[in-house]
There are 2 protein chains.
Amino acid sequence: MTQFINTRDTVVTEAIDGLLRAAGGRLGRLDGYPHIKVVLRTDWNRDRVALVSGGGSGHEPAHAGFVGQGMLAAAVCGDVFASPSVDAVLAGILAVTGPAGCLLIVKNYTGDRLNFGLAAERARAFGLKVAMVIVDDDVALPDLPQPRGVAGTLLVHKIAGALAEDGADLDTVAAAAQGVIDGVVSLGMSLSTCTLPGAAREDRIPAGMAELGLGIHGEAGVEQVPFADARGAMGMVADRLAGHLDAGPHVALLNNLGGATPLEMSVLAEELLASGIGTQIESLVGPGALMTSLDMRGFSVSLLPLDDARRAALAAPVAPAAWPGCNPVSAVDVRPLPDGLVPIKPMPSADPARRAYLAKCCSLFMGMESDLNALDAKSGDGDTGSTLAGAARALDAALDRLPLADLTQLYRAIGLELSQTMGGSSGVLLAIFFTAAGDAAASGHGPVAALRAGLDRVQQVGGANPGDRTMVDALMPALDALDDGYGPAAAAARAGADRTATITRAKAGRASYVGADKLAGHNDPGAEAVARLFEMLAAG
Amino acid sequence: MTQFINTRDTVVTEAIDGLLRAAGGRLGRLDGYPHIKVVLRTDWNRDRVALVSGGGSGHEPAHAGFVGQGMLAAAVCGDVFASPSVDAVLAGILAVTGPAGCLLIVKNYTGDRLNFGLAAERARAFGLKVAMVIVDDDVALPDLPQPRGVAGTLLVHKIAGALAEDGADLDTVAAAAQGVIDGVVSLGMSLSTCTLPGAAREDRIPAGMAELGLGIHGEAGVEQVPFADARGAMGMVADRLAGHLDAGPHVALLNNLGGATPLEMSVLAEELLASGIGTQIESLVGPGALMTSLDMRGFSVSLLPLDDARRAALAAPVAPAAWPGCNPVSAVDVRPLPDGLVPIKPMPSADPARRAYLAKCCSLFMGMESDLNALDAKSGDGDTGSTLAGAARALDAALDRLPLADLTQLYRAIGLELSQTMGGSSGVLLAIFFTAAGDAAASGHGPVAALRAGLDRVQQVGGANPGDRTMVDALMPALDALDDGYGPAAAAARAGADRTATITRAKAGRASYVGADKLAGHNDPGAEAVARLFEMLAAG
């Protein structure tokens, strides 16, 4: 079993019950399990023409997913890929048909035609008005004796459903349905077969090939064609369909046969609209999984000429969430990028004391390079020293560009420099530290309080708390003690850094992926760097 | 290439453009391809708190599919499974943030946290109000240092989105989002890995096993567990989640990780609601593909405690079609089967002449058995004679039960007998023929006109036209001539039957699958049976 089912025999009844429980009370079923599987609207009062469809299961959401206001009154579900029985169809008809009558929408498969057909006769013998239409939208072969009914069926459901909802009589609804059937054409393509419940997937389609002109029951396509990419695939489908189109606007229904990802389906939508028939597509239903073939990685395109009546019917709101709506196709609305992506360079300003202070810090980090690399190599990839030294070199070279006289601007400018020159997570985190500190300084915080605010933000973004074996373990106590001077700050930083050697289970940062034996006894290199910085500042 | 894409490098931008064109003008994007991929509402006027989310692609419809009224103002899309850049996030923030500010909803991955975090700082430097929440709903491990953000993110989008839509201020929206994050727990299970664009699928999960506690980037689950069926799988997930639940009602979000079929997802919904935590689930979002991992055949369950504010926020209507709604969970509404499935037995009545006539017809069909079988064997499976003879024997045995004195009832009764005793397509078609003839007779048609009406219905249901090499080729001309007597009817039937020997391309029925060489020179056995019947009747 490679599927989320229980048994092949119960998959359809269990799936229907799951559908019903999740439908918010909108849907019910007849008490006929296991043979009679009829899903019906609970809010249906038989005052209009009832639309009934169905057929084998395995095409979900078709058809039970399309039961609801504005679409079907009932769906008669067979087992997977098997027609429902005459009794099941009759039960569905009898359960929902009132004086306005019933329209059966049947896909063109022999079993469905016969069983729905006989059920219709038996229902008529009760005096019910029953009409039946047969959907045969597949154009896989130019002269197919019995074209299959595939995803175009959904357009019949929707357009006939809107008319029935509006109170049209049976003849009108049936004529509209037949009109859709006469006009709609569909074609599918697939890169895989489908997996029948409880079975393995047939491996019929070789690599580099696709099947064109397939149905929805896992049968082989009418031909295998080379497959290169989405553009070529959709181009081939569009070319075949083009021969069946009149001039004028169409609605397209882009159907996922089950196994294509939403990403692929959106690429296919783009290719459909960019294809040779794209200009004839006024509106689009989907892309979405509407008439599937279990998990087949494939798609189908259905096309129907539009007139105002069909436009209105397609746009009418419906209850079934499985109907994705019908949207007018639009050009891609491309908006200009906002201003502000290129950071404004701060105006340089002079402050010799600050310049010397910063130069000293930079020099210190440059001098720690090999020590910190060696420390990092014991528990990491040995580059902490180089990362910090590289950033220090870059900052040192930028000193003359910095707004040294304005602390708020200076914090922000350091953040910007670091974000542009220092790679990796630590670069982003230090950039956040200084940018947020600048923000806080701009809001009136003093120099130390601003740095504490920066650290808060680093913790929120980086997720590191004290005890997580990161530079926070040294930086937080240092900043907390800094109002008392560099001496206490340095002592606090050193104590914090040394404590990291005892933390053998890191909860954040890269060390969280490293085993305890490699962490024990070694200070975290980031925390060590912070401790050394404050020790140097304390030493004057 | 086994996917419907063009190139790995263009898959995301092409998919976004496809999404936008199909969104009916609701969505646009920034002009930043390929590096800046920001989808935004075209109807957004910055008058409320802007929700911005995003992250790597490959999780569609998340997040671009959830941009729209009531949910996100913008989505920032990275490449597949890769965080978007700081510039891209900043562009998204700047494009949609007005005086009310902006809430960033970020899944807990380092790259996303850092890039969204730094972008937030840069946006704040412009004076914008920007809050950020980090979703970490995954409970795959009891004490995960950095729990991942998975499908629970959608509940954050929805609930925060409803508040923002209502005009709540940034603090309120952010607090509600954080409240959801604090409350929501998620767990996933999968039967397969996912297929990265342009790559082959990794075959990591052996047959009979599933991965439990996986993320949405194809990474391995925290353990491999034996997989037997949907019930066991969901039971295991429910058990793990149960330990994280408080008493009281919850909303569940049942997410398709991409490759499970709708049929499987409905079975899983049923199993979730029947599981040990089922009684704690008051409402359900999905099942549906909301936060996918490309084509992974898996699911996840997210659970969030409910209160009235969350109920209202979840129920609020939204524009994005990808949001499947949140429905109250209900018991399965099972309705009694309608009356009429057990056909009412007609009252027998006597008419000796009709009895003799019918007996003679039955006898004739019994006598033709081996001839027709032999004829059928030349182009089919050689059972037409036996099928008809079997039906004739059953009908002959039923003569005393039939309403012989009332032609309307008699036609219907014959139809009923044949539907119950005669297998296969021909049994259904003959049942339709007689049932429809009874219907027509009840409407006032004469005996022959009623049979013609029956034939019309057979043609509609069976799809056979004259020239299609079926019994229609003999029956239609016979009925057309029958008003002139049996002689002309027999001649017409014989001519029609003999003509079938020249029809080498059948368009309906079983013979449509048979090659021309096997059809040429042999009458269709059904048509031959009809001709012999009328010849017998003409002979008196």
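Some observations on this one:
- The residue that is surrounded by the most Cβ atoms within 10 Å (Cβ to Cβ), counting only those in segment B:80-109 that are touching a helix residue (DSSP H, G or I) at 6+ places or on another chain (Cβ under 6 Å) and over 28 Å from residue B:5 (Cα atoms), is B:103.
- Those residues of segment B:119-130 which are in contact with a strand residue (DSSP E or B) (Cβ under 8 Å, 6 or more places away or on another chain), open to solvent by 20 Å² or more (accessible area, probe 1.4 Å) and more than 7 Å from chain A (Cβ to nearest Cβ), in sequence order: B:128, B:129
- For first residues located in segment B:398-419 and basic (Lys, Arg), partners that are open to solvent by less than 30 Å² (accessible area, probe 1.4 Å) and lie 6+ apart or on another chain with Cβ distances below 8 Å form the pairs B:401/B:413; B:412/B:435; B:412/B:438; B:412/B:439.
- Residue B:387 open to solvent by less than 60 Å² (accessible area, probe 1.4 Å), of a type in the set (S, T, N, Q) and either assigned by TED's automatic domain parsing to the domain that holds residue B:476 or in contact (Cβ under 8 Å) with a residue 40 or more places away in the chain (or both): yes
- Matching residues, segment A:248-259, being more than 9 Å from chain B (Cβ to nearest Cβ), open to solvent by less than 10 Å² (accessible area, probe 1.4 Å) and within 22 Å of residue B:65 (Cα to Cα): A:251, A:252, A:253, A:255, A:257
- Odd one out for residue A:116, checked against (1) among the aromatic types (Phe, Trp, Tyr); (2) open to solvent by 10 Å² or more (accessible area, probe 1.4 Å); (3) touching a helix residue (DSSP H, G or I) at 6+ places or on another chain (Cβ under 9 Å): (2)
- Selection of segment B:348-377 for residues being aliphatic (A, V, I, L, M) and open to solvent by 70 Å² or more (accessible area, probe 1.4 Å) yields B:350, B:353.
- Given (1) closer than 27 Å to residue B:294 by Cβ; (2) of a type in the set (Val, Ile, Thr); (3) touching a residue at least 40 places away in the same chain (Cβ under 8 Å), index of the condition residue B:86 fails: (3)
- Any hit, segment B:149-167, residues being assigned to a loop (DSSP other than H, G, I, E, B) and at the interface with chain A (Cβ under 9 Å from one of its Cβ atoms): no
- All of (1) touching an Asp or Glu at 6+ places or on another chain (Cβ under 8 Å); (2) crowded, with 20+ Cβ neighbours inside 10 Å; (3) at pLDDT 95 or above hold for residue B:320 with one exception: (1).
- Every residue from segment B:423-466 that is under 33 Å from the mean Cα position of the chain (by Cα) and assigned to a loop (DSSP other than H, G, I, E, B): B:423, B:463, B:464, B:465
- Residue A:134 fulfils the conditions (1) open to solvent by less than 10 Å² (accessible area, probe 1.4 Å); (2) under 29 Å from residue B:424 (Cβ atoms); (3) part of a strand (DSSP E or B) except for a single criterion, (1).
- Scanning segment A:399-422 for residues that are over 21 Å from residue A:449 (Cβ atoms), more than 14 Å from chain B (Cβ to nearest Cβ) and crowded, with 19+ Cβ neighbours inside 10 Å turns up just one, A:402.
- Total residues in segment A:277-314 satisfying the condition of being crowded, with 20+ Cβ neighbours inside 10 Å and either of a type in the set (A, V, I, L, M) or under 17 Å from residue A:173 (Cα atoms) (or both): the figure is 15.
- Flag if residue A:172 is closer than 27 Å to residue A:294 by Cβ and either at pLDDT below 95 or surrounded by fewer than 22 Cβ atoms within 10 Å (Cβ to Cβ) (or both): no
- Lone unmet requirement of (1) touching a residue at least 12 places away in the same chain (Cβ under 8 Å); (2) farther than 20 Å from residue B:539 by Cα for residue B:382: (1)
- Summed over segment A:332-347, the residues that are exposed (fewer than 15 other Cβ atoms within 10 Å of the Cβ) and either modelled with pLDDT under 95 or assigned by TED's automatic domain parsing to the domain that holds residue A:252 (or both) give a count of 5.
- For segment A:260-280, a residue qualifies if it is of a type in the set (Gly, Ala, Ser) and within 8 Å of chain B (Cβ to nearest Cβ), and the qualifying residues are A:260, A:266, A:269.
- Wholly enclosed strands (runs of 3 or more DSSP E) of segment A:10-73 bearing at least 3 residues of a type outside the set (Gly, Ala, Ser) and either over 20 Å from residue B:229 (Cβ atoms) or in contact (Cβ under 8 Å) with a residue 12 or more places away in the chain (or both): A:27-30, A:38-41
- Hey, residue A:238 open to solvent by 20 Å² or more (accessible area, probe 1.4 Å) and either in a loop (DSSP other than H, G, I, E, B) or within 21 Å of residue A:282 (Cα to Cα) (or both) or not: no
- Qualifying residue in segment A:259-276 (condition: out of contact with any Cys (no Cβ under 8 Å at 6 or more places or on another chain), closer than 11 Å to residue A:234 by Cα and assigned to a loop (DSSP other than H, G, I, E, B)): yes
- Selection count where residues are touching a helix residue (DSSP H, G or I) at 6+ places or on another chain (Cβ under 7 Å) and within 11 Å of chain B (Cβ to nearest Cβ), scope segment A:197-233: 5
- Check on residue B:489, in a helix (DSSP H, G or I), modelled with pLDDT of 95 or more and out of contact with any Pro (no Cβ under 6 Å at 6 or more places or on another chain): yes
- The residue of segment A:28-39 that is nearest to the chain's Cα centre (by Cα), among those that are closer than 17 Å to residue A:71 by Cα and within 7 Å of chain B (Cβ to nearest Cβ), is A:28.
- Tallying residues that are open to solvent by less than 10 Å² (accessible area, probe 1.4 Å) and acidic (Asp, Glu) within segment B:141-169 yields 0.
- Residues in segment B:480-502 that are buried (at least 21 other Cβ atoms within 10 Å of the Cβ) and not small (Gly, Ala, Ser): B:482, B:494, B:500.
The values are calculated or read from the model by the stated rules, or taken from the named source; none is laboratory data. Everything numeric here is computed off the predicted structure, so don't read it as measured data. Methodologically, a virtual Cβ is constructed for each residue, glycine included, from the backbone with ideal geometry; neighbour enumeration extends over all protein chains shown. Areas reflect the complete protein model, heavy atoms only, side chains present, ligands, DNA and RNA absent. Shrake-Rupley method; radii C 1.70, N 1.55, O 1.52, S 1.80 Å.
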